[in-house]
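Structure record follows, encoded as C-alpha coordinates.
The values are calculated or read from the model by the stated rules, or taken from the named source; none is laboratory data. Since the model is a prediction, treat every value here as computed from it, not as a measurement. Note: ideal-geometry Cβ built from the backbone for every residue, glycine included; neighbour counts use all protein chains shown. These accessible areas exclude ligands, DNA and RNA; they are computed on the full protein's heavy atoms, side chains included. Shrake-Rupley method; radii C 1.70, N 1.55, O 1.52, S 1.80 Å.
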Amino acid sequence: MIPGPRNLITDVPGLRVGNAQDDDLKSGATVLTADRPFTASVQVMGGAPGTRETDLLAPDKSVSAVDALVLSGGSAYGLDACSGVMDGLRARGRGFRIGEALIPLVPGAIIFDLLNGGDKGWADNPYRALGRSALDAAGEDFALGTVGAGTGAMTAMLKGGLGSASLVLDGGVTVGALVAANPMGSTNTPGERHFWAAPYEIDGEFGGLGPDPSGGLGRHLESRKLAAMLTGLAAPERANTTIAIVATDAALTKAECQRLATAAHDGIARACLPSHAPADGDLVFALSTDARPLQTPEHERSLIGHAAALCLARAIARAVYLATPAPGDLLPCWSEVNG
(Lines give C-alpha, C1' and ligand atoms only; values in the text may rest on other atoms or scores of the structure.)
Protein backbone atom coordinates (compact mmCIF):
# COMPACT_ATOMS: atom_id res chain seq x y z
CA MET A 1 0.00 0.00 0.00
CA ILE A 2 1.19 3.50 -0.82
CA PRO A 3 -0.46 6.93 -0.37
CA GLY A 4 -2.38 8.32 -3.32
CA PRO A 5 -1.01 11.29 -5.27
CA ARG A 6 -2.66 13.89 -3.00
CA ASN A 7 -2.64 11.87 0.24
CA LEU A 8 -6.24 13.04 0.61
CA ILE A 9 -9.61 11.31 0.63
CA THR A 10 -10.16 12.80 -2.83
CA ASP A 11 -7.65 10.31 -4.19
CA VAL A 12 -10.78 8.14 -4.34
CA PRO A 13 -11.89 9.06 -7.89
CA GLY A 14 -15.04 11.14 -8.12
CA LEU A 15 -14.99 12.60 -4.59
CA ARG A 16 -14.75 16.30 -3.80
CA VAL A 17 -14.32 18.08 -0.46
CA GLY A 18 -14.98 21.71 0.45
CA ASN A 19 -14.25 23.77 3.56
CA ALA A 20 -15.74 26.96 4.93
CA GLN A 21 -14.90 28.66 8.22
CA ASP A 22 -15.34 31.86 10.19
CA ASP A 23 -12.14 32.79 12.01
CA ASP A 24 -13.94 35.05 14.50
CA LEU A 25 -16.41 32.26 15.24
CA LYS A 26 -13.52 29.77 15.43
CA SER A 27 -15.67 27.19 13.73
CA GLY A 28 -16.62 25.91 10.31
CA ALA A 29 -17.97 23.11 8.16
CA THR A 30 -16.59 20.53 5.75
CA VAL A 31 -18.59 18.82 3.00
CA LEU A 32 -17.83 15.68 1.00
CA THR A 33 -19.80 15.13 -2.18
CA ALA A 34 -19.50 13.49 -5.59
CA ASP A 35 -20.91 13.75 -9.09
CA ARG A 36 -23.50 11.10 -8.31
CA PRO A 37 -25.02 9.57 -5.16
CA PHE A 38 -22.90 7.06 -3.27
CA THR A 39 -23.55 4.14 -0.93
CA ALA A 40 -22.88 5.00 2.71
CA SER A 41 -23.31 3.79 6.25
CA VAL A 42 -22.14 4.82 9.71
CA GLN A 43 -20.89 3.47 13.02
CA VAL A 44 -21.09 5.45 16.27
CA MET A 45 -18.83 4.28 19.10
CA GLY A 46 -18.67 7.37 21.30
CA GLY A 47 -21.09 8.07 24.12
CA ALA A 48 -22.14 11.62 23.17
CA PRO A 49 -22.80 11.89 19.41
CA GLY A 50 -24.52 14.70 17.55
CA THR A 51 -25.96 13.59 14.21
CA ARG A 52 -28.49 14.23 11.46
CA GLU A 53 -30.06 11.65 9.12
CA THR A 54 -27.85 8.81 10.32
CA ASP A 55 -30.73 6.38 10.89
CA LEU A 56 -31.28 6.12 7.14
CA LEU A 57 -27.72 4.78 6.77
CA ALA A 58 -28.53 1.55 8.64
CA PRO A 59 -28.35 -1.47 6.31
CA ASP A 60 -32.02 -2.31 6.84
CA LYS A 61 -33.27 1.14 5.80
CA SER A 62 -34.61 1.64 2.28
CA VAL A 63 -32.42 4.53 1.13
CA SER A 64 -29.62 3.10 -1.00
CA ALA A 65 -27.43 6.18 -1.57
CA VAL A 66 -26.86 9.74 -0.37
CA ASP A 67 -25.70 12.96 -2.05
CA ALA A 68 -23.23 14.37 0.48
CA LEU A 69 -21.84 14.00 3.99
CA VAL A 70 -21.19 16.91 6.36
CA LEU A 71 -18.75 17.36 9.23
CA SER A 72 -19.31 20.54 11.22
CA GLY A 73 -18.41 22.46 14.32
CA GLY A 74 -21.07 24.14 16.42
CA SER A 75 -22.51 21.23 18.39
CA ALA A 76 -26.26 20.94 17.72
CA TYR A 77 -26.26 24.31 15.95
CA GLY A 78 -23.79 22.89 13.43
CA LEU A 79 -26.25 20.29 12.22
CA ASP A 80 -27.89 23.12 10.26
CA ALA A 81 -24.87 23.05 7.94
CA CYS A 82 -26.63 20.09 6.33
CA SER A 83 -29.54 22.40 5.44
CA GLY A 84 -27.21 24.72 3.55
CA VAL A 85 -25.78 21.76 1.64
CA MET A 86 -29.32 20.61 0.82
CA ASP A 87 -30.09 24.08 -0.53
CA GLY A 88 -27.06 23.98 -2.80
CA LEU A 89 -27.68 20.45 -4.06
CA ARG A 90 -31.34 21.17 -4.75
CA ALA A 91 -30.34 24.21 -6.79
CA ARG A 92 -28.19 21.85 -8.88
CA GLY A 93 -31.06 19.42 -9.40
CA ARG A 94 -29.54 16.81 -7.09
CA GLY A 95 -31.56 14.63 -4.75
CA PHE A 96 -33.93 11.72 -4.29
CA ARG A 97 -36.96 12.26 -6.49
CA ILE A 98 -40.49 11.31 -5.47
CA GLY A 99 -42.90 12.60 -8.10
CA GLU A 100 -42.27 16.32 -8.39
CA ALA A 101 -40.44 16.47 -5.03
CA LEU A 102 -36.64 16.54 -4.97
CA ILE A 103 -34.94 15.73 -1.66
CA PRO A 104 -31.13 15.85 -1.35
CA LEU A 105 -29.98 13.32 1.23
CA VAL A 106 -27.28 14.81 3.45
CA PRO A 107 -26.35 13.05 6.71
CA GLY A 108 -24.03 14.91 9.04
CA ALA A 109 -22.24 14.92 12.37
CA ILE A 110 -20.83 17.63 14.63
CA ILE A 111 -18.07 18.36 17.11
CA PHE A 112 -18.45 20.55 20.20
CA ASP A 113 -16.42 23.73 19.77
CA LEU A 114 -18.71 26.27 21.47
CA LEU A 115 -16.25 27.08 24.29
CA ASN A 116 -13.03 27.48 22.34
CA GLY A 117 -12.57 31.25 22.62
CA GLY A 118 -14.45 32.21 19.45
CA ASP A 119 -17.28 34.73 19.20
CA LYS A 120 -20.46 32.68 19.58
CA GLY A 121 -22.81 35.63 20.11
CA TRP A 122 -24.59 35.25 16.76
CA ALA A 123 -28.14 36.47 16.19
CA ASP A 124 -28.81 33.95 13.39
CA ASN A 125 -27.35 30.47 13.20
CA PRO A 126 -24.31 30.79 10.90
CA TYR A 127 -23.93 27.12 10.03
CA ARG A 128 -26.46 26.93 7.20
CA ALA A 129 -24.42 29.51 5.28
CA LEU A 130 -21.16 27.77 6.17
CA GLY A 131 -22.52 24.49 4.83
CA ARG A 132 -23.56 26.09 1.53
CA SER A 133 -20.17 27.82 1.20
CA ALA A 134 -18.33 24.56 1.87
CA LEU A 135 -20.35 22.80 -0.84
CA ASP A 136 -19.63 25.60 -3.30
CA ALA A 137 -15.89 25.27 -2.53
CA ALA A 138 -15.76 21.50 -3.02
CA GLY A 139 -12.95 20.21 -5.20
CA GLU A 140 -10.25 17.57 -5.42
CA ASP A 141 -7.71 19.70 -3.56
CA PHE A 142 -8.48 21.17 -0.15
CA ALA A 143 -6.61 22.49 2.88
CA LEU A 144 -5.94 20.68 6.15
CA GLY A 145 -5.32 21.88 9.70
CA THR A 146 -7.20 24.90 11.07
CA VAL A 147 -9.89 24.91 8.40
CA GLY A 148 -13.47 23.73 7.86
CA ALA A 149 -14.93 21.57 10.59
CA GLY A 150 -11.51 21.48 12.26
CA THR A 151 -11.18 25.26 12.67
CA GLY A 152 -12.02 25.29 16.38
CA ALA A 153 -11.08 21.72 17.26
CA MET A 154 -8.92 20.89 20.27
CA THR A 155 -7.35 17.75 21.65
CA ALA A 156 -6.61 17.30 25.34
CA MET A 157 -3.29 19.15 25.07
CA LEU A 158 -3.01 20.80 21.62
CA LYS A 159 -5.15 22.37 18.93
CA GLY A 160 -6.90 19.79 16.78
CA GLY A 161 -7.96 20.30 13.19
CA LEU A 162 -9.03 18.76 9.90
CA GLY A 163 -6.98 15.87 8.56
CA SER A 164 -6.95 13.51 5.63
CA ALA A 165 -4.87 10.63 4.24
CA SER A 166 -5.11 7.93 1.60
CA LEU A 167 -3.72 4.55 0.54
CA VAL A 168 -3.80 2.70 -2.76
CA LEU A 169 -3.88 -1.08 -2.32
CA ASP A 170 -1.71 -3.36 -4.45
CA GLY A 171 -4.74 -4.37 -6.50
CA GLY A 172 -5.59 -0.75 -7.33
CA VAL A 173 -8.39 -0.07 -4.85
CA THR A 174 -8.11 3.37 -3.21
CA VAL A 175 -9.06 4.09 0.40
CA GLY A 176 -9.10 7.49 2.08
CA ALA A 177 -10.05 9.17 5.35
CA LEU A 178 -11.23 12.66 6.33
CA VAL A 179 -11.49 13.70 9.99
CA ALA A 180 -12.32 16.57 12.30
CA ALA A 181 -10.17 15.74 15.33
CA ASN A 182 -11.55 17.16 18.59
CA PRO A 183 -11.06 14.28 21.04
CA MET A 184 -11.35 14.25 24.81
CA GLY A 185 -8.02 12.44 24.80
CA SER A 186 -4.56 13.34 23.57
CA THR A 187 -3.10 12.66 20.15
CA ASN A 188 0.42 12.97 21.51
CA THR A 189 2.47 11.27 24.18
CA PRO A 190 3.49 13.30 27.27
CA GLY A 191 5.53 16.30 26.18
CA GLU A 192 3.40 16.59 23.00
CA ARG A 193 6.30 15.83 20.66
CA HIS A 194 5.53 12.30 19.50
CA PHE A 195 2.21 11.15 18.07
CA TRP A 196 0.42 8.03 19.25
CA ALA A 197 -0.11 7.32 15.52
CA ALA A 198 3.64 7.48 14.80
CA PRO A 199 4.04 3.77 13.91
CA TYR A 200 1.70 4.29 10.96
CA GLU A 201 3.30 7.46 9.55
CA ILE A 202 4.41 7.46 5.91
CA ASP A 203 7.13 9.70 4.44
CA GLY A 204 7.27 12.14 7.36
CA GLU A 205 3.69 13.30 6.82
CA PHE A 206 3.42 14.51 10.44
CA GLY A 207 6.98 15.32 11.36
CA GLY A 208 8.81 12.05 10.93
CA LEU A 209 9.88 11.86 14.58
CA GLY A 210 8.92 8.23 15.08
CA PRO A 211 7.35 6.63 18.16
CA ASP A 212 8.07 7.86 21.66
CA PRO A 213 10.97 5.77 23.05
CA SER A 214 9.57 5.98 26.59
CA GLY A 215 7.87 3.00 28.19
CA GLY A 216 4.81 2.68 30.39
CA LEU A 217 2.87 5.31 28.50
CA GLY A 218 -0.84 5.94 28.82
CA ARG A 219 -1.21 5.68 32.61
CA HIS A 220 -1.32 9.40 33.33
CA LEU A 221 -3.87 11.50 31.46
CA GLU A 222 -3.75 15.29 31.45
CA SER A 223 -5.97 17.81 29.69
CA ARG A 224 -5.14 21.43 29.06
CA LYS A 225 -8.50 21.58 27.29
CA LEU A 226 -10.50 21.00 30.45
CA ALA A 227 -8.39 23.41 32.45
CA ALA A 228 -8.46 26.19 29.85
CA MET A 229 -11.97 25.92 28.54
CA LEU A 230 -14.35 24.34 30.98
CA THR A 231 -13.38 25.07 34.55
CA GLY A 232 -16.43 25.42 36.77
CA LEU A 233 -18.98 24.06 34.30
CA ALA A 234 -21.38 21.31 35.30
CA ALA A 235 -20.41 18.84 32.55
CA PRO A 236 -16.87 19.69 31.39
CA GLU A 237 -16.23 16.26 29.99
CA ARG A 238 -18.81 16.51 27.18
CA ALA A 239 -17.03 19.04 24.95
CA ASN A 240 -15.36 16.57 22.60
CA THR A 241 -15.69 14.25 19.60
CA THR A 242 -13.75 12.86 16.65
CA ILE A 243 -15.90 12.59 13.52
CA ALA A 244 -14.64 11.06 10.30
CA ILE A 245 -15.44 9.79 6.83
CA VAL A 246 -13.66 6.87 5.21
CA ALA A 247 -14.16 6.16 1.53
CA THR A 248 -13.24 3.65 -1.16
CA ASP A 249 -13.85 3.11 -4.84
CA ALA A 250 -14.34 -0.61 -4.19
CA ALA A 251 -17.89 -1.82 -4.79
CA LEU A 252 -19.42 -2.35 -1.35
CA THR A 253 -22.98 -2.84 -0.18
CA LYS A 254 -24.52 -0.70 2.53
CA ALA A 255 -23.92 -3.47 5.08
CA GLU A 256 -20.30 -3.76 3.96
CA CYS A 257 -19.90 0.02 4.35
CA GLN A 258 -21.12 -0.29 7.92
CA ARG A 259 -18.51 -2.98 8.57
CA LEU A 260 -15.90 -0.70 6.98
CA ALA A 261 -16.90 2.11 9.35
CA THR A 262 -16.55 -0.26 12.29
CA ALA A 263 -13.07 -1.35 11.24
CA ALA A 264 -12.01 2.27 10.67
CA HIS A 265 -12.73 3.12 14.32
CA ASP A 266 -9.51 1.27 15.14
CA GLY A 267 -7.75 4.28 13.62
CA ILE A 268 -9.25 6.57 16.25
CA ALA A 269 -8.10 4.20 18.98
CA ARG A 270 -4.57 4.16 17.56
CA ALA A 271 -4.34 7.95 17.35
CA CYS A 272 -6.25 9.22 20.41
CA LEU A 273 -5.76 8.18 24.02
CA PRO A 274 -8.31 7.53 25.40
CA SER A 275 -10.91 7.13 22.67
CA HIS A 276 -14.56 6.06 22.39
CA ALA A 277 -15.24 7.46 25.86
CA PRO A 278 -18.66 8.35 27.29
CA ALA A 279 -17.66 11.99 26.77
CA ASP A 280 -16.76 11.57 23.08
CA GLY A 281 -19.21 11.35 20.19
CA ASP A 282 -16.78 9.34 18.07
CA LEU A 283 -18.40 8.53 14.72
CA VAL A 284 -17.23 7.24 11.35
CA PHE A 285 -19.16 7.42 8.08
CA ALA A 286 -18.05 4.96 5.39
CA LEU A 287 -18.86 5.26 1.72
CA SER A 288 -18.32 3.44 -1.55
CA THR A 289 -18.37 5.01 -5.01
CA ASP A 290 -19.02 1.50 -6.37
CA ALA A 291 -16.49 1.95 -9.16
CA ARG A 292 -14.26 -1.14 -8.77
CA PRO A 293 -15.75 -4.65 -8.51
CA LEU A 294 -13.91 -6.85 -6.01
CA GLN A 295 -12.02 -9.80 -7.46
CA THR A 296 -11.53 -11.67 -4.17
CA PRO A 297 -14.23 -10.15 -1.94
CA GLU A 298 -13.44 -11.73 1.44
CA HIS A 299 -9.73 -10.95 1.25
CA GLU A 300 -10.17 -7.46 -0.24
CA ARG A 301 -12.85 -6.39 2.24
CA SER A 302 -10.49 -7.18 5.11
CA LEU A 303 -7.66 -5.23 3.49
CA ILE A 304 -9.93 -2.25 2.82
CA GLY A 305 -10.99 -2.12 6.48
CA HIS A 306 -7.37 -2.34 7.58
CA ALA A 307 -6.36 0.42 5.16
CA ALA A 308 -9.21 2.64 6.38
CA ALA A 309 -8.00 2.33 9.99
CA LEU A 310 -4.44 3.18 8.93
CA CYS A 311 -5.65 6.20 6.95
CA LEU A 312 -7.78 7.47 9.80
CA ALA A 313 -4.98 7.24 12.36
CA ARG A 314 -2.66 9.14 10.01
CA ALA A 315 -5.35 11.71 9.19
CA ILE A 316 -5.86 12.50 12.89
CA ALA A 317 -2.14 13.08 13.40
CA ARG A 318 -1.97 15.23 10.26
CA ALA A 319 -4.87 17.33 11.55
CA VAL A 320 -2.95 18.19 14.71
CA TYR A 321 0.43 18.53 13.00
CA LEU A 322 -0.93 21.00 10.44
CA ALA A 323 -2.98 23.16 12.85
CA THR A 324 -1.98 26.83 12.82
CA PRO A 325 -2.19 29.47 15.58
CA ALA A 326 -4.89 32.14 15.64
CA PRO A 327 -5.72 35.04 17.97
CA GLY A 328 -7.61 33.97 21.08
CA ASP A 329 -6.58 30.30 20.97
CA LEU A 330 -6.96 28.45 24.26
CA LEU A 331 -4.36 25.82 23.38
CA PRO A 332 -1.02 25.85 21.53
CA CYS A 333 -0.42 24.19 18.18
CA TRP A 334 1.98 21.27 17.75
CA SER A 335 4.27 23.59 15.78
CA GLU A 336 4.43 26.09 18.63
CA VAL A 337 5.30 23.48 21.25
CA ASN A 338 7.86 21.81 19.01
CA GLY A 339 9.18 24.83 17.06
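Data overview
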quantity	calculated
Whole-Hz ³J(HN,Hα) from phi, Karplus 6.51 cos²θ - 1.76 cosθ + 1.60, for region 70-84, glycine and proline x	10, 10, 8, x, x, 6, 4, 4, x, 4, 6, 4, 4, 5, x
Distance (nanometres) between label positions extended 7 Å along Cα→Cβ at LYS61 and LEU294	2.3 nm
Global form of region 1-100, assessed from the alpha-carbon gyration tensor, a/c cut-off 1.5	rounded
Zone of ARG36's modelled label, taken as backbone nitrogen in region 58-95 under 16 Å from a point 7 Å along Cα→Cβ	64-68, 94-95
Residue-span extension gain [VAL337 to ALA227] - 0.36 nm each, minus C-alpha spacing	37.8 nm
Gyration tensor verdict on region 36-184 (Cα atoms; rounded if a/c is under 1.5, prolate if a/b is larger than b/c, oblate otherwise)	oblate
Sorted peptide list for 85-91, 312-318, 56-62, 96-102, criterion being average Cβ within 10 angstrom, highest first	312-318, 85-91, 56-62, 96-102
Alpha-carbon gyration tensor eigenvalues x 5, square-rooted, for region 159-287, Å	28, 20, 11
Distance in nm between pseudo-label sites at ASP141 and ASP23 (7 Å out along the Cβ direction from Cα)	2.1 nm
Cα-based reach from LYS61 at 19 Å (exclusive), listing lysines while leaving out same-chain residues under 8 positions away	LYS254
Solution diffusion estimate, µm²/s, Stokes-Einstein, the chain, Kirkwood Rh from C-alpha pairs, 10 °C, viscosity 1.306 mPa s	82 µm²/s
5 angstrom amide H check on THR242, placed H, neighbours 5+ away	ASN182, GLY281, ASP282, LEU283
Fully extended contour minus Cα-Cα distance, from MET1 to ILE98, at 0.36 nm per residue	30.7 nm
Cα-only radius of gyration and Dmax that characterise region 172-226, units Å	13.5, 44
Region 116-175 shape via C-alpha gyration tensor axes, a/c threshold 1.5	oblate
Rounded to the nearest 10 Å², the accessible area of ARG94 at probe 1.4 Å	40 Å²
